[in-house]
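Read the figures in this text as sums done on the coordinates, not as results from a lab. Note that this is a predicted model, so its numbers are computed, not measured.
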């Protein structure tokens, strides 16, 4: 399974949607994911890819990890995986 497919699967599960309902342009807000859902998604992503996401739940828009869209989350995860590899 690709990084994109796995991230979409995790986000869709959190949003209680089908993966086909999640597009790369979707924002977490569009998908109905609140701050708690975001934190749970980040934990699931960290576990799935064995990475540590530099994310502060208290200040989600601060820092280097872009959560503005599904595509930006995927790009950030791919970068973290590449840096770790």
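Observations
- With helices as the sole contributors, the chain gives -16500 deg cm²/dmol at 222 nm; each DSSP H run of n ≥ 4 counts as -39500 (n - 2.57), and the sum is divided by every residue.
- Segment 3-84 - convex hull of the alpha-carbon atoms, volume per residue in Å³: 77
- Sequence-separation-based contact order of the chain, relative, with Cα cut under 8 Å and 6+ spacing, percent: 31
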